[in-house]
1. Taking segment 277-296 as the search range and keeping residues that are within 16 Å of the ligand (Cβ to nearest atom) and among the hydroxyl-bearing types (Ser, Thr, Tyr), which one is surrounded by the most Cβ atoms within 10 Å (Cβ to Cβ)?
2. Consider segment 259-283. How many of its residues are farther than 29 Å from Lys70 by Cβ and either small (Gly, Ala, Ser) or outside the structural domain of Lys24 (by TED's automatic domain parsing) (or both)?
3. Is it true that some residue in segment 336-354 is under 14 Å from the mean Cα position of the chain (by Cα), of a type in the set (D, E, K, R) and part of a helix (DSSP H, G or I)?
4. Among the listed residues Glu180, Glu236, Glu207, which satisfies the condition of being away from the ligand (no atom under 16 Å from the Cβ) and under 30 Å from Lys302 (Cβ atoms)?
5. In the list Ala247, Ala252, Ala242, which residue meets the criterion of being within 16 Å of the ligand (Cβ to nearest atom), surrounded by fewer than 24 Cβ atoms within 10 Å (Cβ to Cβ) and of a type in the set (A, V, I, L, M, F, W, C)?
6. Would you call Asn108 free of Cβ contacts under 8 Å to residues at least 40 places away in the same chain and surrounded by fewer than 16 Cβ atoms within 10 Å (Cβ to Cβ)?
Amino acid sequence: MPLKEKTEKAGTEFDAKRAFEHVKNLASFGSRLAGTEGDTKSIKYMSEQFAKAGLKVEYDVFNAPSFIEKEAKVLLSYPSKKEIKVRAMLYSVQTSREGVKGELVYANLCRKEDFAKINAKGKIVMFSRTRDKDAFWEEVTNAAKNGAKGVIMVDYNPWIFTATMESGYFNIQKRFLSVEPNPIPAVTMTSNDGQFLLEQSTKGKVEATLIVDVKNEEKETKNVRATIEGEKKADEKILVIAHRDTANTPGANDNASGLATLIELARILPNYHLDRSVELMAVGAEEELGSLGSYNYCKMHKNELEKIRAVINVDMVAVGSKLKVITEGLWPDKGKLETSKEINKLLVEEADKLGYFAEYGICSFATSDEGRFIDAGVPASWLWKPDDPYYHSMEDTPDKVNPNDIKAVCEIVKNTVIKLAKA
Ligand SMILES: [Zn+2]
């Protein structure tokens, strides 16, 4: 592959140590949920890193539903007293300062049929999280319809999963559905705390207060974009994208691992002769409304979409076992969205040539950012390690991240991009 004369600034070797520093820096900003302080810091950070690589930085500015969690707790009041740390479900309503008090009742998975034999009226409903599910509008609605005052979801992990009150649908207009007959507060709890409360309730009545102090508001966020101009067909583009926001978590693997990949590519790719342009994008608000940032990109750049030859999405690549090239994602309301066979094949081939392992896989509950591009008719693919146990939890911290995984992905993506950029 053609290489320009080596410049001191750019270099040609990826650096796992350097990539890991970026992961640590980004994860130190706290939650990067769209519109939070951490999100703003990450916009500045990515802009600075792209500029440092000598690239011009541009933005897509849009609004996203933001969510600030000040406090969420369960105060057990009967038969004993205990304070239990919980997390609010994203977009939960807040309670009064006194909270909502009620008897606890267990509703299994909180499906409609789970209420046949229990009385939830005026009570706080506890339920177990369905595996690999992350949106719980339906469950909360089932509880509300049966008269519950609030809900507590118990995770299957000994750490707290940050669930969302969204519907989990691809259709953006149906992501936020109302909770009938009235919205009720919703929180999530660890498996251990959940077990403790359920054991108590087998012995008799258990009473607790749910306190949720949160703020739901519309906030501004951005897609941060940097372009490496092509030398022959500059108007045609290859996009490499990674989302910058988090699900109210530190987001070391999800998705500082992808952002570190972008930063390393920004440093290395300008050293190569590229016929087509390469755009690197740190996408905002992926964790909301089924990839809101990419949805907005496709809307704002509607007339340029046909010039995009390929999109490679890097999302969660440094925790877990096998690296997967995702061939399809399944949505409850949309069905299957298929990624590009051509890009997928290239990714696997380039991994193979480099001596890395990558295989095809699917996502059974959604797509990441690439889904919005596929829906808009742009060929796209997604690199993902699906088995991160710390997904969407406060445990998604840099110590779990394998820096060498990021380096491998950088090399695979670089070689694939160079091929795709050839006119
Ligand atoms: Zn992600």
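The values are calculated or read from the model by the stated rules, or taken from the named source; none is laboratory data. Predicted model only: the values in this text are computed from it and were never measured. Glycine gets a Cβ as well: all are built from the backbone with ideal geometry, and neighbour counts include every protein chain shown.
1. It comes out as Ser294.
2. 3
3. No, because not a single residue in segment 336-354 is under 14 Å from the mean Cα position of the chain (by Cα), of a type in the set (D, E, K, R) and part of a helix (DSSP H, G or I).
4. Glu236
5. Ala247
6. Numbers: free of Cβ contacts under 8 Å to residues at least 40 places away in the same chain: yes; surrounded by fewer than 16 Cβ atoms within 10 Å (Cβ to Cβ): yes.
Taking the combined requirement at face value, the residue satisfies it.
Here's the yes/no breakdown for (1) touching a residue at least 40 places away in the same chain (Cβ under 8 Å); (2) of a type in the set (S, T, N, Q); (3) touching a strand residue (DSSP E or B) at 6+ places or on another chain (Cβ under 8 Å):
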| residue | (1), (2), (3) |
| --- | --- |
| Val319 | yes, no, no |
| Leu323 | yes, no, yes |
| Leu330 | no, no, yes |
| Ser340 | yes, yes, yes |
| Lys345 | no, no, no |
| Glu350 | yes, no, no |
